Amino acid sequence: ILNAAIAPLSQVDLERQSGYIVSGIVLSVSSAIRKSKVERSFGIHRDRVYKFRFKIKQISKRQELKEGDEITISDWQSSEIMKIFS
């Protein structure tokens, strides 16, 4: 298995690329393993999909959100790769 990473960005670059910057309270975290929607090569590919639900306390970027709003953020990580050889 070979994993690649993107070099860390500076705080200024992170803020520039961000659509929203908020802080708040985590209400729930869940994860599930699902068939990969990204990987299309031969084999069995699974991703772990995460969902984080937050209650917004402070908004630093994108003021159309309001304090007290709840938002859900999804993310994924490659979980399992099984190559099948004949």
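Side notes on the structure shown:
- Largest to smallest accessible area among 33, 21 [probe 1.4 Å]: 33, 21
- Calculated FRET efficiency for the pair residue 26/residue 46, C-beta based, R₀ 30 Å, to 0.05: 0.75
- 20, 50, ranked by accessible area, largest first (probe 1.4 Å): 20, 50
- To the nearest 10, the accessible area of residue 64 is 110 Å² with a 1.4 Å probe.
- Accessible surface of residue 66, taken over heavy atoms with a 1.4 Å probe and every protein chain present, rounds to 130 Å².
- Within the straight-line cut-off of under 28 Å between alpha carbons, the lysines reachable from residue 35 are 51, 83, sequence neighbours fewer than 8 places apart in one chain being disregarded.
- Shown are 16, 46, 62, whose ranking by accessible area with a 1.4 Å probe and every protein chain present, most to least, is 16, 62, 46.
- Sulfur and carbon atoms: percent of accessible area, region 7-74 [1.4 Å]: 52
The values are calculated or read from the model by the stated rules, or taken from the named source; none is laboratory data. Everything numeric here is computed off the predicted structure, so don't read it as measured data. Positions of Cβ are backbone-derived with ideal geometry, glycine not excepted, and every protein chain shown enters the neighbour counts. To get the accessible areas, we keep the full protein, side chains included, count just its heavy atoms, and leave off ligands, DNA and RNA. Shrake-Rupley method; radii C 1.70, N 1.55, O 1.52, S 1.80 Å.
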